[in-house]
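Contents: one structure, followed by commentary.
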Amino acid sequence: MAFRLRFKEPPAAASGKTYETLDDRCWACVIQGGTENPCQSEAVLEEIEKNTGRPCPRVELEAGGVDAFSLLGFLIHEDLKPLAPKMFDAITHSMDPEERADTLRLVQSAMGEKKLLDILHPDPKKGSEGRR
């Protein structure tokens, strides 16, 4: 989620090609098996790998995480937040109680992530990187 929130539009490609979506840009990257140079500098990618063990800021969600990600999108947008309970019911209507609980735990965990909180609630004194 934090990765997607950082980009208002797909990052520019060195080739000059314009990508319609962030996903399209990511799949064109050499890290994902494409031919475009990464959208981040080598120094940034090294820092990401040092901190996360991954060579790229993009994280692919496991199947259960997709539902949690969808619900999270409703919870972080004030205009959509009132619809979150209906979205939860729609997403989880065919799940057993344990799967529903797992989905809620994933959402709860994501909502507590410092990186996401820093993006959602930037500290005006620290710029966009700090949390209030």
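Key figures
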{"read-out": "Pairwise label distance in nanometres, residue 43 with residue 125, each label 7 Å out on the Cα-Cβ vector", "value": "2.8"}
{"read-out": "Inter-label distance for residue 15 and residue 79, nm, one decimal - labels placed 7 Å from Cα along Cα-to-Cβ", "value": "3.4"}
{"read-out": "Three-way shape label, the stretch 63-120, alpha-carbon gyration tensor, a/c 1.5", "value": "oblate"}
{"read-out": "Cα-Cα over 29 Å, subset of 17/114; 8/86; 50/125", "value": "17/114"}
{"read-out": "Max mean-square fluctuation residue, GNM over the chain, Cα-Cα springs under 10 Å, options 45, 120, 71", "value": "45"}
{"read-out": "Distance histogram in 10 Å bins (all Cα pairs of the stretch 2-52, percent per bin)", "value": "24, 57, 18, 0"}
{"read-out": "Qualifying aspartates and glutamates (Cα of each under 13 Å from Cα of residue 126; at least 8 residues distant if same chain)", "value": "118"}
{"read-out": "Calculated Kirkwood radius over Cα pairs in Å (choose from (i) 16.7; (ii) 18.3; (iii) 19.0), label", "value": "(i)"}
{"read-out": "Under Karplus coefficients 6.51, -1.76 and 1.60, residue-wise ³J(HN,Hα) of the stretch 12-22 in Hz, glycine/proline x", "value": "4, 9, 4, 6, x, 5, 9, 9, 5, 10, 4"}
{"read-out": "Computed lengthening from residue 113 to residue 96, 0.36 nm per intervening residue step minus Cα-Cα distance", "value": "3.5 nm"}
{"read-out": "Amide hydrogen neighbours beyond the local backbone of residue 34, cut-off 5 Å, H modeled", "value": "29"}
{"read-out": "HN-Hα J in Hz across the stretch 102-113 - Karplus 6.51, -1.76, 1.60, θ = phi - 60°, x for Gly and Pro", "value": "4, 4, 5, 5, 5, 5, 4, 4, 5, 5, x, 5"}
{"read-out": "Among 95, 111, 87: highest mean-square fluctuation, GNM of the chain, C-alpha pairs under 10 Å", "value": "95"}
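Values in this text are rule-based calculations from the coordinates and carry no lab data. Here the structure is a predicted model, which is why all the values come from computation and not from measurement. FYI the Cβ positions are ideal-geometry reconstructions off the backbone, even for glycines, and counts take in every protein chain you see.
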